[in-house]
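Notes follow the structure.
The values are calculated or read from the model by the stated rules, or taken from the named source; none is laboratory data. As the structure is a computational prediction, the values presented were derived from the model and not from experiment. Cβ sites come from the backbone with ideal geometry, for glycine too, and all protein chains shown count toward neighbours.
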Amino acid sequence: MRIVNVTTAVVAYHGQATLVRIDTDEGITGYGEANPDAGAGGVVGLINTFKDLLIGEDPRNVERCWEKLRRRVFAGPQAGVFVIALSGIELALWDIAGKAAGQPVHRMLGGKFRDRIRLYADCGDGDDPAGSVSGCVDRAQRMVAEGFTAIKFDIDNLRHPAKYDAYNHTVNAAELRSMVERVAAVREAIGPDVDLAIDLHARYDVPSACKIAWELEPFNLMWLEEPIPAENVDALVRVRAQTRTPICVGENLYLRWGFRELLEKGAVDVIEPDVPKCGGLAEAKKIANLAEMHYVPFAPHLVSTPLGTMATAHQCAAIPNFLVQEWHALEEREVWDSYVTAPDGSGSIVKDGYITLPDAPGIGVELDMDGVRKHAVPGFGIFE
């Protein structure tokens, strides 16, 4: 079996999501997805560059193809849009490998520890774009009623009326009070048994991160996410040492080398690699194994269509230290569901706060081309 073509399509989700298609000379086609954070232009351009290096390769040699691109193009561990493009290709290679073997991807990765993947609903700012207490409470209660046992809210607000300086990383007293009020109201609304995470999007300095973490300790958070940027590991160590609130980071780190120091220095309680961003399924499993050596749970960040979401679910099934997987489609649910045909023929792969793993070969979902065409971003073409 040999690769004969590599093409892309770009659809509207969380900005611009890049879908990858790899065709083979035996008629088996694989689909993957690259994280949308870097936009589509650079990702599509890089994938087109990789095409000549992939044609003629056996796609079942997933890690050989991955290393060929990484070593020839990147010349070693790197990050950013390069690894995002590589990740999208790698997911498509696993889809082909599974289809060729007649096995689901989780079995290709060593088998599954669990049949269902638990999700947490990213609730953003709540039902009110201004992030009001009532809007947060309403959304939290609705997600719990839908069956989610874990939820997450954003409480970093650069447009807060009390904020003195848009570029300063220090939280002031009024901002902090507002944060605490929102978290307290949500915790009271959902009760003590639903897991609650809070995201700060790496917007604060060390003193502010410590203040926020201290104030949120009474609410028994599942984690406090990205209180400061993850690149300064020593600063993260200082924050973690100051609080009983678990610290979660990693959505903007790449490859296993990006997580090594973080884990070795004890800077984190939970890691959150983004699988279609950090290097792909096999690389994410290596990161999870590294975390397992330090007894750190794995809770992937995710802002992908159902294709990337199901691929990530396979990886989460194949590791022991999985905690919970992000679901970020609450505000774009109808569009999100339209991109694939669910394995059971229903309208969505998400039910009651879980994803049930399919036993179909490959990733186990097929693109709904009507949905892809309807929401395709103009100017990129659709697998041309």
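List of remarks:
- In the range 18-31 there is at least one residue that is within 19 Å of MET369 (Cβ to Cβ), without any contact (Cβ under 8 Å) to a residue 60 or more places away in the chain and not assigned by TED's automatic domain parsing to the domain that holds GLY362.
- Within the range 297-323, considering residues that are buried (at least 24 other Cβ atoms within 10 Å of the Cβ) and within 18 Å of LEU224 (Cα to Cα), the one farthest from the chain's Cα centre (by Cα): PHE298
- Any chance LEU224 is within 20 Å of LYS277 (Cα to Cα), within 18 Å of the chain's Cα centre (by Cα) and among the aliphatic types (A, V, I, L, M): no
- Members of the range 257-313 that are closer than 21 Å to ASN232 by Cα, assigned to a helix (DSSP H, G or I) and either among the basic types (Lys, Arg) or outside the structural domain of ALA213 (by TED's automatic domain parsing) (or both): ARG260, LYS277
- Cβ-Cβ distances below 9 Å connect the following pairs, each with a first residue in the range 175-203 that is at positive phi, a second residue that is in a helix (DSSP H, G or I) and buried (at least 18 other Cβ atoms within 10 Å of the Cβ), and a separation of six or more residues or different chains: GLY191/VAL144.
- Of all residues in the range 337-350 being polar (S, T, N, Q) and assigned to a loop (DSSP other than H, G, I, E, B), the one that is farthest from ARG114 (Cα to Cα): SER338
- Test: residue in the range 233-246 that is closer than 30 Å to HIS106 by Cα and assigned to a helix (DSSP H, G or I): no
- Just one of the listed residues (GLU283, GLU251, GLU272) is of a type outside the set (Phe, Trp, Tyr) and touching a Cys at 6+ places or on another chain (Cβ under 6 Å), namely GLU272.
- Filtered by the rule that a residue be on the phi > 0 side of the Ramachandran plot, surrounded by 20 or more Cβ atoms within 10 Å (Cβ to Cβ) and in a loop (DSSP other than H, G, I, E, B), the range 351-375 gives GLY353, GLY364.
- Inclusion of ALA162 among residues that are part of a loop (DSSP other than H, G, I, E, B) and more than 27 Å from ARG256 (Cβ to Cβ) is warranted.
- Selection within the range 10-40: residues that are surrounded by fewer than 24 Cβ atoms within 10 Å (Cβ to Cβ) and assigned to a strand (DSSP E or B). The member of this set that is nearest to the chain's Cα centre (by Cα) is GLN16.
- Any chance VAL137 is farther than 17 Å from HIS201 by Cα, among the β-branched types (Val, Ile, Thr) and free of Cβ contacts under 8 Å to residues at least 60 places away in the same chain: yes
- Selected residue (criterion: surrounded by the most Cβ atoms within 10 Å (Cβ to Cβ)) from residues of the range 149-166 that are aliphatic (A, V, I, L, M) and at pLDDT 85 or above: ILE151
- The number of residues in the range 74-111 that are in a loop (DSSP other than H, G, I, E, B) and surrounded by fewer than 19 Cβ atoms within 10 Å (Cβ to Cβ) comes to 9.
- Some residue of the range 270-281 being touching a Pro at 6+ places or on another chain (Cβ under 6 Å), among the hydrophobic types (A, V, I, L, M, F, W, C) and modelled with pLDDT of 95 or more: yes
- Residue check, ILE28 in contact with a strand residue (DSSP E or B) (Cβ under 8 Å, 6 or more places away or on another chain), closer than 23 Å to GLU366 by Cα and hydrophobic (A, V, I, L, M, F, W, C): no
- The single residue among GLU366, GLU331 that is among the charged types (D, E, K, R), modelled with pLDDT under 95 and touching a Gly at 6+ places or on another chain (Cβ under 9 Å) turns out to be GLU331.
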